[in-house]
Every structure is written in structure tokens, then in C-alpha cells.
Amino acid sequence: MFLVAMVSVSFLSWSGLYGLLSLFNRRRGPEWNCRLVTALHGVLSFSIASYSAFIEGPFPISLDVLGRESLRLHIVAMVVCLGYFLFDFSWCMAMQTEGPLMLCHHLLCITGLILSLSLGVCGAELSGTIVGSEITNPLLQLRWFLKQTNSYNSRLGAITDCAFVFLFITVRIGVGAWFFVVGMMSDRIMLIFKIGGAALYLISLIFLAQILSFARHKLFGGEGKSRKVPHTSNGVR
């Protein structure tokens, strides 16, 4: 019951922040304000999860800690993320802004977070996943804001694109592959978490194909068609 209350507070906090931005920033559209919330969530959740993984510990990519009981900071990071994903999924459904792949990603994240919080296990793994997922989030939002303010075709826009592609490939795909293999080798991780992890990594590979296509157009053929940028830090379209 306490966890339900915490998640409810998280959801209402993200929703309330969006409501305040919409009230006091009316000259901007709903997506602008939603992306401000998304950027803040990315920075906050990345900071909490990174602290829990690399400073307070335990280090998540280790067979010794996988599948064990979640610690306090793991729970905080997951509550923050679950409340946000519930808000963002609701917003995307209401505004009809995202396709099936992104909605599937959100549903997988929501399901995994609910399971981990309910069972009280796999907090270290989820925190590590949050770090890898959210590290590129602020860059993705910055890219969109640059486009909206006609500042994308600049040195800052090029740096943002390069940093995003580099971090996605090295962290989300490279380190993520190591994390994925270690998780599959663990006897303590429940099968449902392994299936969810495999599904999320598959979605990451699909986003990687989109990113590589974007990079090819950027480097060799211009940008081609205008690509809509999703809210989350998972890919460039």
C-alpha cells in the first residue's frame, strides 16, 4: 500500500508539473511542455540511478548482486520512473503522438517496474537499466528544442547529434549487451524479467537501425525527410 501511495505521488507530481508548465507557458504547445518534463525526468532518474549503482552500490553488472532484494535507493529510482512512465504513456495515448513500438517500450518499462517494486527484487538491475536508458534523454530533448527554435543547423546541433549517437551505441547497445548476457546467465533472476530484458534489448536494436539510418542520411545524403523525434531517449526517427 505504501508503494502504491509513493507511485501515485510520483505520477501526480509529473502530471502536476506538466499542468503548471501548460498554465504558465501557454505560448508553447503541449509537446514543448511535455518534453520539458521528459528532460527533467531524464536528468533526475539518471542521477538517482547512477548514485545508487556507482557510489552507494552495489554495482549492477555483477552475478553476485543480480536477482537480490532491492535497496532503498533502487526503490526511489523505480518509483520516480514508474510515475513518469504512467504520465507519459497517458499523454502519448491522449495526444496520439507515438507509434506502436514506442508504446510497447513504455508498457514493457511499466510492467517491469511494477513487478520489481511488487516483488522487492531486481532493483540493482532496474537501476542499471535506467542509467543506460536515460543517459541520452537530455540530448534527445535538446535536439528537438534546437529544431523548434531553428537552431539545429549549428555547431551545437552537430555536437548534440554526435554525442547522442555515440552514447547510444556505446552505452545502450555496447554496455547493454554485456548487461543482457550477464542477466541471462544469472540463476536468481526470474524468467519473466529475462523475457522483459530480451524484449527491451530487441527494441533497442530496432532503434539502433533507425539511428544508423539517420546517421547515414546526415553524413552522406542530407537529412532527407523530416524525422519526428520521440519523447524518450530510445531512438531518432
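The values are calculated or read from the model by the stated rules, or taken from the named source; none is laboratory data. Nothing here was measured: the structure is a model prediction, and the numbers come from that model. Note that each Cβ is placed from the backbone with ideal geometry, even for glycine, and that neighbours are counted across all protein chains shown. Heavy atoms of the whole protein, side chains included, go into the accessibility calculation; ligands, DNA and RNA do not. Shrake-Rupley method; radii C 1.70, N 1.55, O 1.52, S 1.80 Å.
Of note:
- Fraction of accessible area attributable to carbon and sulfur, the chain (%, probe 1.4 Å): 71
- Here is how the number arises for the chain: DSSP H runs of 4 or more residues each give -39500 (n - 2.57), the sum is divided by the residue count, and the result at 222 nm is -23000 deg cm²/dmol.
- Total formal charge among the other residues, if their Cβ is under 12 angstrom from that of Ser154, Lys/Arg +1 and Asp/Glu -1: +2
- Highest-fluctuation residue, Phe220, Phe145, Phe87 considered, GNM on the chain with Cα pairs under 10 Å: Phe220
- Mean separation of Cα pairs under 8 Å and 6 or more residues apart, divided by the residue count, gives the chain a relative contact order of 24 percent.
- Under 14 Å, Cβ to Cβ, from Ala39 - net charge with Lys/Arg +1 and Asp/Glu -1: 0
- Exposure check, 1.4 Å probe, all protein chains in place: Val80 carries approximately 20 Å² of accessible surface.
- With the charge dipole of region 1-87 set up from +1 on Lys and Arg Cβ and -1 on Asp and Glu Cβ about the Cα centre, the Cα lying farthest toward the positive end among the listed residues Ser10, Leu21, Ile48 is that of Leu21.
- Using only side-chain charges placed at the Cβ, +1 for Lys and Arg and -1 for Asp and Glu, the dipole size of the chain relative to its Cα centre rounds to 900 debye.
- Solvent-accessible area per residue for the chain (1.4 angstrom probe, square angstrom): 49
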